[in-house]
Protein chains: 2
Amino acid sequence: MLIVKKFGGTSVANKERIFNVARRCIEDYKAGNQVVVVLSAMGKQTDVLLDMAKDINPKASRREMDMLLTTGEQTSVALMAMAMDSLGVPAVSLNAFQVAMHTTADYSNAKLKRIDTERIYNELENRKIVVITGFQGIDKYDDYTTLGRGGSDTTAVALASALHADACEIYTDVDGVYTADPRVVPKARKLEVITYDEMLELASLGAGVLHNRSVEMAKKYGVQLVVRSSLNKNEGTIVKEDTKMEKMLVSGVATDKNVVQISVEGLENKPGVAFKLFQHLANHNVNVDMILQSVEHGGKQDISFTVTEEDADIALETIERHAESSLKCDTVNVTRDVAKVSVVGAGMMTHPGVAAKMFEALYDCGVNIRQISTSEIRVTVLIDEKYVETAAQNVHEKFSL
Amino acid sequence: MLIVKKFGGTSVANKERIFNVARRCIEDYKAGNQVVVVLSAMGKQTDVLLDMAKDINPKASRREMDMLLTTGEQTSVALMAMAMDSLGVPAVSLNAFQVAMHTTADYSNAKLKRIDTERIYNELENRKIVVITGFQGIDKYDDYTTLGRGGSDTTAVALASALHADACEIYTDVDGVYTADPRVVPKARKLEVITYDEMLELASLGAGVLHNRSVEMAKKYGVQLVVRSSLNKNEGTIVKEDTKMEKMLVSGVATDKNVVQISVEGLENKPGVAFKLFQHLANHNVNVDMILQSVEHGGKQDISFTVTEEDADIALETIERHAESSLKCDTVNVTRDVAKVSVVGAGMMTHPGVAAKMFEALYDCGVNIRQISTSEIRVTVLIDEKYVETAAQNVHEKFSL
């Protein structure tokens, strides 16, 4: 078997953990497998480098930032190869140049284009464990790039695909994917299996342990993932394509408190108004989530939407700047103490009544719904933040998760 | 003009110094020059990385050590480019892959073979300051290598040669090359000019601010160097080929306390004895310096030589292991409290009597000579360590330096 194993920064934060990871990889190696390991930078190393850069030049170019940040993973992989070597197993570390890991030239947010596999195969054939820098690539100018948030997961998935790996294991500090955040819903249960689409919904709801891009890539190339803990040997959660088996109605409940609701009231009811509003926000890189357009009342209409807390101020400024001239709205209201509760499940596509069941659960515990949004496999409600734990626990219970 | 400027680790040890270096480079840039900057790792960064490696695996492979260490210079060059950019001057950092800087595959002690210049010329033509990692290269396997001690100086000289630079400036924490170590001889004077050969002798005597390999390369390719301080604007010392001018008899006095004298006594007086002795030492990587073979006495002879303090124990062990079987010597004596004092000068090739004048200076102050060694442009004596300051000062005085 060819196994790709990815470990995040906390898993290699110090000597003890580096050896812990080394031993886990060596177990697979000694069982006769070919082992490729993908690592992030150690612990808070990336933050340390970011602070150094900020101190020198708060507006440093992304090209130079990537040149700086890529030293982080190179440090981890070299130390890991040394650790494995000291445990008697030959290992070799490779960076984005050595692999080579080709990406677009979008510094700090590059997309992987192609991975050369020759060097990796050669090293594996020499019975070495191959330790590869996650998160980084090189572009057509021979410059370093980085892949943005969750980049090391993406590297692991891309490598698993390029190498036709038999397994791709993503190690993290939790046991796997849960039916809800255990801190919010104490009865939350670990899922054995989840589909790519469910994982994508959960990831975008902030509940996921995997970043969206890596799940999208895994889905696109059919790479089956296992999410498991680097701290114990529990089974973890398998992420794979639709399983033909009887689908669970709902596989998880997600909560997200990083939400602000903005209502723009008294807009003219004519074509192009919503376009103008969201065009202004897009121009300022504000990501808009749940959108609700009211029915007309007296020739006027209201539009409500949610943004993250980070984007709230810039969204407000933008709207207020255009309120009179372009938007011609009456008032703008902001509600900061709101939260999202979502149920996600591939099964709901064929089972009507999931939304109703969820609303019933909320009614049971007296929680008012401010806004609703749905996808094929998800129902999300916006509620007052103070009810989020009650709501999540009741919904979890209702679906017998 | 195309100027190559090299700054060592202390010159880029913190934010303030990084900006200091950036400003110096920008002065040359704004005067219309093309500027290539070569940097070492920041301050003690290389030592920090060495300690990390040692903690993980004291016998880490050199290949992985180089993978780890090369992150040091990459960090410096990225931060330097950011600093220049924040001062309004476009800069780009390049590492050994990006340049590309081809070396032999001797990890931790590689030799530069060839430097690609295309990328550098392109960046210079775009009016950027090009900031390049010193000390590192890549080999034919696409692995990182490092150039060993003084490696960044070598990188600078090699770049100056490959780019046909008009000047190669080596910045350090002293003003230039002195007639003696100012801590030993307070009257020591800075030299305006010194030849490559003199610099080589001084460097190998431990008195030099430049490493031998970089001077050898400068001599080989006719690269004129300037050694100057990064902390002030003093003129520095020019290192170049024989100057046609009247040569100074002696250009400097060097002292070295890192010396141990070993005497192997009662060796058979027959061919091959010296060969065997030094072969044993070479097999254990012991560098032997001043060698003295006594005249025969009763069919026996003695051989004395010096080694560094670091090599002394392994040298002794080696000799004692072979004392009876192979060397058939009577006794081995060790004297640790010895030191070397040398005079160096291209002029002494044509002026006899330099050695005599030096011995006279030592006689004047009552210092006994234990051993003598000479080259075409150098006379070295081995004396008791306690007399080294007196001896150096008297010799310095005698030659009116």
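Looking only at segment A:51-80, count how many residues are farther than 30 Å from A:K128 by Cβ and not aliphatic (A, V, I, L, M).
Looking only at that region, the number is 10.
For segment A:20-49, give me each residue that is basic (K, R) and surrounded by fewer than 18 Cβ atoms within 10 Å (Cβ to Cβ).
A:R23, A:K30, A:K44
Restrict the check to segment A:239-249 and report whether at least one residue is surrounded by fewer than 20 Cβ atoms within 10 Å (Cβ to Cβ), part of a loop (DSSP other than H, G, I, E, B) and modelled with pLDDT of 85 or more.
So far as segment A:239-249 goes, yes, one or more of its residues are surrounded by fewer than 20 Cβ atoms within 10 Å (Cβ to Cβ), part of a loop (DSSP other than H, G, I, E, B) and modelled with pLDDT of 85 or more.
Inspect all residues belonging to segment A:72-84 and state whether any of them is among the hydrophobic types (A, V, I, L, M, F, W, C) and more than 13 Å from chain B (Cβ to nearest Cβ).
Within segment A:72-84 (the criterion being among the hydrophobic types (A, V, I, L, M, F, W, C) and more than 13 Å from chain B (Cβ to nearest Cβ)), the answer is no, since none of the residues qualifies.
Could you list all residues from segment A:126-154 that are more than 13 Å from A:F97 (Cα to Cα), in contact with a strand residue (DSSP E or B) (Cβ under 8 Å, 6 or more places away or on another chain) and not in a helix (DSSP H, G or I)?
If the condition is that a residue be more than 13 Å from A:F97 (Cα to Cα), in contact with a strand residue (DSSP E or B) (Cβ under 8 Å, 6 or more places away or on another chain) and not in a helix (DSSP H, G or I), then A:K128, A:I129, A:V130, A:V131, A:L147 are the ones that fit.
When the residues of segment B:294-330 are narrowed to those that are small (G, A, S) and within 25 Å of the chain's Cα centre (by Cα), which ends up nearest to B:V381 (Cα to Cα)?
Within segment B:294-330, the match that is nearest to B:V381 (Cα to Cα) is B:A312.
What is the residue count in segment A:358-401 for residues that are out of contact with any Leu (no Cβ under 6 Å at 6 or more places or on another chain), among the basic types (K, R) and closer than 24 Å to A:I291 by Cα?
2
Please verify whether segment A:340-354 includes one or more residues that are among the polar types (S, T, N, Q) and touching a strand residue (DSSP E or B) at 6+ places or on another chain (Cβ under 8 Å).
Yes, segment A:340-354 contains at least one residue that is among the polar types (S, T, N, Q) and touching a strand residue (DSSP E or B) at 6+ places or on another chain (Cβ under 8 Å).
Right, B:I194: crowded, with 22+ Cβ neighbours inside 10 Å and without any contact (Cβ under 8 Å) to a residue 60 or more places away in the chain or not?
The answer is yes for B:I194.
Pairs, please: C-beta under 7 Å, at least 6 apart or cross-chain, first residue in the same structural domain as A:L147 (by TED's automatic domain parsing) and of a type in the set (F, W, Y) and in segment A:97-110, second surrounded by 23 or more Cβ atoms within 10 Å (Cβ to Cβ) and at pLDDT 95 or above?
Once the first residue is in the same structural domain as A:L147 (by TED's automatic domain parsing) and of a type in the set (F, W, Y) and sits in segment A:97-110, its partners that are surrounded by 23 or more Cβ atoms within 10 Å (Cβ to Cβ) and at pLDDT 95 or above give A:F97/A:I138; A:F97/B:F97; A:Y107/A:D66; A:Y107/A:T145.
Read through the list (1) at the interface with another protein chain (Cβ under 7 Å from one of its Cβ atoms); (2) among the small types (G, A, S); (3) surrounded by 24 or more Cβ atoms within 10 Å (Cβ to Cβ); (4) under 29 Å from B:T104 (Cβ atoms), then give the number of the only condition that B:S61 fails.
Unmet for B:S61, out of (1) at the interface with another protein chain (Cβ under 7 Å from one of its Cβ atoms); (2) among the small types (G, A, S); (3) surrounded by 24 or more Cβ atoms within 10 Å (Cβ to Cβ); (4) under 29 Å from B:T104 (Cβ atoms): (3).
Every residue, every condition in (1) at pLDDT below 90; (2) touching a Pro at 6+ places or on another chain (Cβ under 9 Å); (3) in a strand (DSSP E or B), yes or no:
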| residue | (1), (2), (3) |
| --- | --- |
| B:H164 | no, no, no |
| B:C168 | no, no, yes |
| B:Y171 | no, no, yes |
| B:D175 | yes, no, no |
| B:R183 | yes, no, no |
| B:K187 | yes, no, no |
| B:E198 | yes, no, no |
| B:L202 | yes, no, no |
| B:G206 | yes, no, no |
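For segment B:283-401, which fully contained strands (runs of 3 or more DSSP E) count at least 2 residues that are in contact with a helix residue (DSSP H, G or I) (Cβ under 9 Å, 6 or more places away or on another chain) and surrounded by fewer than 16 Cβ atoms within 10 Å (Cβ to Cβ)?
Strands (runs of 3 or more DSSP E) meeting the threshold: B:291-293, B:331-344, B:371-375.
Of (1) more than 23 Å from the chain's Cα centre (by Cα); (2) surrounded by 23 or more Cβ atoms within 10 Å (Cβ to Cβ), B:R17 satisfies all except one. Which?
Of the numbered conditions (1) more than 23 Å from the chain's Cα centre (by Cα); (2) surrounded by 23 or more Cβ atoms within 10 Å (Cβ to Cβ), the odd one out for B:R17 is (2).
Within segment A:129-141, take every residue that is over 22 Å from the mean Cα position of the chain (by Cα) and either outside the structural domain of A:Q34 (by TED's automatic domain parsing) or surrounded by 22 or more Cβ atoms within 10 Å (Cβ to Cβ) (or both) and give me the one that is farthest from A:A22 (Cα to Cα).
If we take residues in segment A:129-141 being over 22 Å from the mean Cα position of the chain (by Cα) and either outside the structural domain of A:Q34 (by TED's automatic domain parsing) or surrounded by 22 or more Cβ atoms within 10 Å (Cβ to Cβ) (or both), then A:I138 is farthest from A:A22 (Cα to Cα).
The values are calculated or read from the model by the stated rules, or taken from the named source; none is laboratory data. The model shown is predicted, which means the values in this text are computed figures rather than measured ones. FYI the Cβ positions are ideal-geometry reconstructions off the backbone, even for glycines, and counts take in every protein chain you see.
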